[in-house]
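Every number here is computed from the coordinates shown, using simple stated rules; none is lab data. None of the values given here were measured: they were computed from a predicted structure. FYI the Cβ positions are ideal-geometry reconstructions off the backbone, even for glycines, and counts take in every protein chain you see.
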């Protein structure tokens, strides 16, 4: 509270507040004498403590029986509370007209500001209103409100709390004539948290209020030039801690379908799952950023995926296929990994994807799954955090969870590839890793980006799911993403350096199976896949002198063994191998056979 307001309040309402024991007998006797002399009540004689007692009881002000009860409660309050606590009690419960209680609510709704800094005129108005909150409501009785305010200013000048000239100038200030809207930062998120825990008296959130306000303004401005009925959602998180810093569920509650929280709505993610699938392929030893992969017509039974632009590019590097967001290479990779494995990785990130019909198919790679913006940003937070799941939270807690989505090297490789994408036209030149997506029928446009500290996700479309002709991620969502990053901070935090196990040679120096991703239907993929018979995936093993025994089954030798994406042994014809130089911690162990087929196990070494 503004200290000047507190001085004026005590001087006007209860000048002996800090010296009496809850009841000011001198003031009480004066009030009785005035009432007897004039035949009517001129002053109540109630102290601030007694007024707090009345507000606690929701009692009346006039009857002497009520006064006696207030006096008893006032003495009790003085025994158990400090003067500042009693003052806080009054300022929390005092009525200010209509359904407004508490000085902070009154300052926001009548003055449009927090009560930390008030002018003399504003302070006087807030002191005058609780005495007759309905009769002096500024929006209904501005004349009465002004007269009451001016009486407070005049008395403050007489008491020497304000200079006479200051009081006269303050009396010339206008009185507010209408209620203002309450601040409604993050209304969707806060409503959801209150519904989840309705008995909690206070919710301590991780949101940055200034950032939230800036991004709500950005969302509202972004819709000004859009087609009618469109909405936008923005989510900002710290991927180091998993804390949600800003959550914009719509461009405004007063807009079309603005009450729908689009950070939690199930939508098709379009191409935004491709980074996960490429990272899983690298983790499994199927590909490397320099691996050549085919972009040619292909059919999986009746399913024949097409690229967004309808063109084919032949063989190209995996890194380029990801940057261009080509559909056919990622579907080939999804076929090799298996849709259930992709869904398992999504769930490992903390997401709760929903598959139409319940059985995932290859279309998952291109957005054939329902997922929310919250879960998508949570997935990217895990990739940005070295492949470790980062469950998101809007309430303070310790960062938890060590569930691995992908290996650290694979997560870094994907981020490194996507950080080379140029920014959208006219966007600030921020060096971030980012990916866009557009769902089938142009219903959803996405853009997700991250740097060394934060992940920002943007969705734009129609909440009712109807198409947006001409809408797509790169043109609609990406500019909002870069603007959101700019409002988050002036410069992006640098992305981390590659983990020690990252394989960084050119294609010619890659192990032979990693130089070319096999084409579907070739003779090589028709053979039995290799299998890691030992150790089993999910096992926790004790290291024996830094050595690990690996047993292989099926597949066509020679084999290559990779640890966290780094080749450990190549040209292996034996089915049992002892690997040396293995350190403690989480390990992704991958075997690749001569046909380029692979198997992987995720283990922990103690």
query: Can you work out the base-10 log of I(q)/I(0) for the chain at q = 0.06 1/Å, using the Debye formula on its C-alpha atoms alone?
result: -0.48
message: With 10 angstrom as the radius, rank 10, 377 by how many other C-beta atoms surround their C-beta, starting from the fewest.
response: 10, 377
statement: Taking Cα atoms, the helix 408-418 axis meets the longest principal axis of the chain at an angle in degrees (rounded to 10) of 80 degrees
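Just rank 81, 376, fewest to most, by other beta-carbon atoms within 10 angstrom.
On the way: 81 16, 376 27.
Final ranking by Cβ density, sparse to dense: 81, 376.
Over the range 270-479, what relative contact order in percent results from Cα pairs under 8 Å that are six or more residues apart?
Values: 395 pairs, mean separation 40.0, N = 210.
Computed over the range 270-479, the figure is 19 percent.
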query: Per 10 Å bin, what percent of the C-alpha pairs of the range 521-605 does each bin hold, from zero upward?
result: 18, 54, 23, 4, 0
- request: Could you tell me what % of all Cα pairs in the range 344-469 have separations over 19 Å?
  value: 54 percent
query: How large is log10 I(q)/I(0) at q = 0.14 Å⁻¹ when the Debye formula is applied to the Cα atoms of the range 252-348, each weighted equally and without solvent?
result: -0.60
- prompt: Taking a quarter of the surface of the convex hull around the Cα atoms of the range 270-479, what do you get in nm²?
  reply: 12.0 nm²
- prompt: What's the angle, to the nearest 10 degrees (0 to 90), between helix 274-283's Cα axis and the longest principal axis of the chain?
  reply: 50 degrees
- prompt: Relative contact order (percent) for the range 237-390, with alpha-carbon contacts under 8 angstrom and 6 or more residues of separation?
  reply: 29 percent
query: In the P(r) worked out for the range 401-450, what percent of Cα pairs fall beyond 12 Å?
result: 71 percent
task: Enter the angle in degrees (range 0 to 90, nearest 10) between the Cα long axis of helix 48-57 and the first principal axis of the Cα atoms of the chain, meaning the one along which they spread out most.
output: 60 degrees
statement: Going from the fewest other Cβ atoms within 10 Å to the most, one would list 204, 13, 216 as 204, 13, 216
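If you wrap a convex hull around the alpha carbons of the range 212-295, what volume per residue comes out, as a whole number of Å³?
Per residue, the Cα convex hull of the range 212-295 comes to 170 Å³.
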query: At what distance in angstrom do the alpha carbon centres of the range 411-441 and the range 259-329 lie from each other?
result: 14 Å
- prompt: Taking Cα pairs under 8 Å and at least six residues apart, what relative contact order does the chain come out at, in percent?
  reply: 10 percent
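Scaled to the compact-protein estimate 2.2 N^0.38 Å, what is the alpha-carbon radius of gyration of the range 196-249, rounded to two decimal places?
Details: Rg = 14.0 Å, N = 54, 2.2 N^0.38 = 10.0 Å.
It is 1.40.
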- prompt: Cα atoms only, the range 338-409: Rg and Dmax in Å?
  reply: 12.6, 38
- line: If N is the residue count of the range 70-167, its Cα Rg over 2.2 N^0.38 Å rounds to 1.17
field: Pairs of Cα atoms farther than 15 Å apart, the range 405-495, %
entry: 59 percent
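To the nearest 500 deg cm²/dmol, what mean residue ellipticity at 222 nm is calculated for the chain from DSSP H runs of n ≥ 4 alone, each contributing -39,500 (n - 2.57), summed and divided by the residues?
Values: 20 runs with 205 residues, N = 606.
My calculation for the chain gives -10000 deg cm²/dmol from helical runs alone.
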